[in-house]
Amino acid sequence: GPPDALPPSIPKPQPPLPVGNPPGRSLPAEGAARRALCRRGAPLGRRQSDESKMAAGTVPNLENKLFVGGCPPTSDEEALRAIFEKHGTVDEIFIMRGGSRSGMACAFVRFATQETAQRAIDAIHGNVTLPDASEPLVVRWADAPGSRGRESRGRQPNERRRSGGDRRSGGGGG
């Protein structure tokens, strides 16, 4: 056969890998592309957790539900409905009293459409003050159920044992 053909048992010589490169540089192209995606924060099938990292109240929810904070404890559904219905059809109003240390109440207002809910946020947030209230209303998109507690409850369990860098002191943590 021709002189440059190698017998099948000997693999063709591969170009040597560069030495001294930062680890992970010599990955195949698809791995590098996936790393770039992760770095850019593209959602890889974990949409919910991405949304909860955004500023609270900036993400519309499927129910067109708004959180309304800063309601005085005396506020009632009629007063809120009068304010919010100027901006569109209100499907439901739910007032929660006594939950906060300040004594203020909060409410959830559900609109028929996302556009009217957004219009209400733009018009009311920081601009409307209810009677008996010292501050204007806070109006934002309500958090999706479950998106809120996950991160605040998941604080590092070893926060208290910060002193002393000795890792051999045993104790399994959480």
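The values are calculated or read from the model by the stated rules, or taken from the named source; none is laboratory data. Being a predicted model, the structure only gives us computed values, none of them experimental. Counting neighbours? That spans all protein chains shown, and the Cβs are built from the backbone with ideal geometry, glycine included. What goes into the accessible areas is simple: the full protein's heavy atoms, side chains included, and nothing from ligands, DNA or RNA. Shrake-Rupley method; radii C 1.70, N 1.55, O 1.52, S 1.80 Å.
How large, in percent, is the carbon and sulfur part of the accessible surface of segment 90-129 at a probe radius of 1.4 Å?
48
On full extension of the chain, what length is gained from Arg81 through Gln14, given 0.36 nm per residue of separation minus the C-alpha to C-alpha distance?
Between Arg81 and Gln14, full extension yields an extra 16.7 nm.
What's the extension gain from Glu92 to Leu62 if we count 0.36 nm per residue and subtract their Cα-Cα distance?
9.4 nm
Per 0.36 nm of contour for each residue apart, how much would the distance between Ser102 and Thr74 grow if the chain were fully extended, relative to their Cα-Cα spacing?
Stretched out fully, the Ser102 to Thr74 stretch lengthens by 8.7 nm.
Using per-residue counts of other Cβ atoms within 10 Å, averaged over each peptide, order 125-136, 103-114 from highest down.
Highest-to-lowest ranking by the protection proxy: 103-114, 125-136.
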